[in-house]
Amino acid sequence: MSAGIASDWRPSKHIRLYAYTWVGYFALLVLLPVSYGSREAALAGSGLLLWAAGSVAIAYFVDYKLRARQPVTCVTVGLPLRIPRLERMIWIALLTSLLGFVSLAYDRIGVQAIDFSQGIAVARELWRQAGEERTGVSSPFSVLGYLFGFSFFAATALAHLQWELISRVTRWGVILITIVLVVGNSLLTGGRSVVMVQLACMAATAGIRGILGMQMMPGRGVRIWAAVGLVIITSIGYSLYVFSERAAAGNILPERYVVNTLDYLGGRPSDSFYELQQMPEFVAGTSQFAIAAGAYLSHSYGTFESVLDSDTTPGSVSFAFIRQLLSRFGLGEDVTQSWLLAGRLLSFPGALWYDYGWWGFYAGAVVTGLLIGLIPRILAVPTGGGLSVAVAILIFISGLLSPLVPAIDVLSVPFMLIGFFEIDLLGRLWGSNNWLYVSRPFRLASMDSKEVAA
């Protein structure tokens, strides 16, 4: 290993993004006026800190060793995309998602007769009850909707990766159609998971751009922060809207609804929470819903405390959605035994402890750190195309969502992967097997090993 390589090493930006996710999670736990159980607080807190610190350290170590041992001096990129094909793939992914969304909407409204006129909270409950009462899928439209309705994740990732090379019309098409699809699918499900996965996918793609030596968010300083701020504000606003709709569905005042929600999530409001009631009604209600949104993102800590305090761990939680999904198609047995705290989020480390104990808990940290450190090498596969990008994004999303939930058990993630496979197959049929490099003037193609294979 040369001294030059070692002294020039910089931690990949994607690892820092992963570390910041855990920092933000612990910051929420400290800042929110919410407390959880105390009997296992020290064990839960120290365990999660060790898990996060260990996985970050391993990711840094793997990244350092691989780049120091195998510097890239000659780049083989397979068959790059041409710009016209790049744009066609993006538009096909968007239009396919629109057709999938229409199929899902028809299944919910026309086939299952879910009534959305009373708000998304009531519709979500009706949809949940309908799912429990039947076996198998509701209709072929549901299958088509899920198979083709989530390829917009691939479209946004591909557009984000090559933002500087696509036309203004395509950029606006990606922005506007993705907003419609994210909002539409969120309203159909009555939840926030699609928004959460889209934000995580954007962060993961930004991390890939950082690995390639590009700006993580394309554009200039003020525009970047304005766009990021708009996305965050919109996401928070939608989360507050969901809570307000659920409160309205039960005809409950905001304070009482939030207190009940915190109790359900295993938390208790502190004295400073009740002081919000002294503010104007709109400000107080909005602040209380914001606390509920923050608790929704951090209550997995309280869930982990609860399972640590339990003498038994009935059922299993790892890959529960995947197993349930396969059972709908007659592949495997249905998940019939519910786990201890069904309805609450349990973090990825917590799920590993629940199913496999402390050995599985810390083995998960090692594997997570190893995979995050390997992302640059996964992307460097010359003919990986959309499959390499999909695997890298899945690993990254799993890391970013690990404080909250096992990512693979979020409803839209498996179908996101199907969307990547579909668009990758389309690109290969057109003769392109690499998404990271596009036919462009030579002056725009960097051959610096630090930028290409970070």
Cβ-Cβ FRET estimate between residue 370 and residue 53, R0 fixed at 22 Å, reported to 0.05: 0.90
Theoretical FRET efficiency, 1/(1+(r/R0)^6), r = Cβ-Cβ of residue 322 and residue 378, R0 25 Å, to 0.05: 0.70
Segment residue 109-residue 313, length gained on full extension (0.36 nm per residue, minus Cα span): 69.6 nm
Label-point separation in nm, residue 165 to residue 270, each point 7 Å along Cα→Cβ: 5.0
Relative exposure of 65, 13, judged by other C-beta atoms within 10 Å (fewest first): 65, 13
Residue 215 versus residue 172: modelled label distance in nm, points set 7 Å from Cα along the beta carbon direction: 2.1
Which of 20, 301, 354, 106 has the fewest Cβ neighbours within 10 Å, and the rest in rising order: 20, 106, 354, 301
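Quick note: the coordinates plus some simple rules give every number you see, no bench work behind them. Owing to the predicted nature of the structure, the values given are computational and were not obtained by experimental measurement. Positions of Cβ are generated from backbone atoms using ideal geometry, with glycine treated the same way; all protein chains shown enter the neighbour counts.
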